[in-house]
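Comments concern the structure below.
The values are calculated or read from the model by the stated rules, or taken from the named source; none is laboratory data. Since the structure is predicted, the reported quantities are computational estimates derived from the model, not experimental observations. As a convention, Cβ positions derive from the backbone with ideal geometry for all residues, glycine included, and neighbour counts pool all protein chains shown.
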Amino acid sequence: MHINKTQLNINHLKMICTIAQSSTVKQAAEILFITQPALTNRLREAERRLNTHLFVRNGRKLIITSAGKRLLHSAEKILQELERVEYDISLLVDGIEQVLRIGLPHYASFKWLPFVMRAFNKEYPNIELEIIADAAQEPMTMLFQGKIDIAMISSANKLLDLDSETYGTCCILQDELLACLSKKHKKSNQVNFDADEFKDEVYITNSTVPERSREYELFFKPYHVLPKKVLQVGFNEAIMELVKANMGMTIMPKRWLDSSINNKEIHTAKLGEAGLNIYWHLVYLKKDKINEPANLLTQVLKKNSLLI
């Protein structure tokens, strides 16, 4: 790659991202702290260099073109990587030699985090742990893309079928998915629930996108069932407050329920007669700088498994 062959600079990339996220040219210019004429000139310059239109005007708005979408896709990645590089360099200045990025699912507890932090401060004081919030929905995808180093995931299987040369895995513990409903609910005397019994219920979840090895894939999908209404709430604690108020039902891991909430107002029940078990795993990229910290993380989590 020859750097001197590139036509655009960082200002052009910031410009296209800002315009794409703004409702008007005026708003984009204000975000970039430049005048509207300056923004227009910068856009024209980029289009001249690329010999194509990136946006077309529709009144006061700019509509992105196919070429613009292609550039936007790469611009977002480049700027995110630049932000991460600058952050990593700032840590080096402060004596931090490595950032270990961990991705967790929506339904993970954080009560184990202080124990992990203390262990790492003792064993690896030059490593900083970073919880990546964007990995909540698809931690394995983020791991595959190299955006995180370690993923905590749940699975219906005790053993994961992954490429052993690329990934290290460890099963930490067994868990169970439980139906959660208010003790005021008309079905609060039931000890188990079939998928069909959710058909007429409001189902409260932290993501309307089906997640791997969660209730949709393991419980609803096999029986071709969907609740009549799905309500998305971004925080587990908020979900449980709505459940307590008898505004819907949800499904949560037993470990999270035991460690995170007061069950006095919540009735829990098995999914199906036999219950629905899941297994918690740590999955990490096999790299020299990750293997040993991942082993320490595994040891601490196993020792404090009641807090997961």
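Checking each residue of the range 278-299 against the condition of being over 23 Å from Asp149 (Cα atoms), modelled with pLDDT of 90 or more, surrounded by fewer than 20 Cβ atoms within 10 Å (Cβ to Cβ) and not hydroxyl-bearing (Ser, Thr, Tyr) gives no match.
Might you check whether a residue that is crowded, with 17+ Cβ neighbours inside 10 Å, assigned to a helix (DSSP H, G or I), β-branched (Val, Ile, Thr) and not assigned by TED's automatic domain parsing to the domain that holds Leu301 occurs anywhere in the range 243-255?
Yes, that holds for at least one residue.
Give the residue that is surrounded by the fewest Cβ atoms within 10 Å (Cβ to Cβ), with candidates limited to residues of the range 132-149 that are outside any helix (DSSP H, G or I) and on the phi < 0 side of the Ramachandran plot. Once the filter is applied, the top-ranked residue is Gln145. For the condition at pLDDT below 90, of a type in the set (Gly, Ala, Ser), in contact with a His (Cβ under 9 Å, 6 or more places away or on another chain) and outside any loop (DSSP other than H, G, I, E, B), Ser207 does not qualify.
Within the range 54-76, the set of residues being of a type outside the set (Phe, Trp, Tyr) and assigned to a strand (DSSP E or B) comprises Val56, Arg57, Asn58, Lys61, Leu62, Ile63, Ile64.
Within the range 201-222, does at least one residue satisfy the condition of being under 23 Å from Ala245 (Cβ atoms), surrounded by 19 or more Cβ atoms within 10 Å (Cβ to Cβ), of a type in the set (S, T, N, Q) and over 25 Å from the mean Cα position of the chain (by Cα)? No, the range 201-222 contains no residue that is under 23 Å from Ala245 (Cβ atoms), surrounded by 19 or more Cβ atoms within 10 Å (Cβ to Cβ), of a type in the set (S, T, N, Q) and over 25 Å from the mean Cα position of the chain (by Cα). May I ask you to list the residues in the range 42-65 that are modelled with pLDDT of 90 or more and loosely packed, with under 13 Cβ neighbours inside 10 Å? Answer for the range 42-65, where residues must be modelled with pLDDT of 90 or more and loosely packed, with under 13 Cβ neighbours inside 10 Å: Arg44, Arg48, Asn51.
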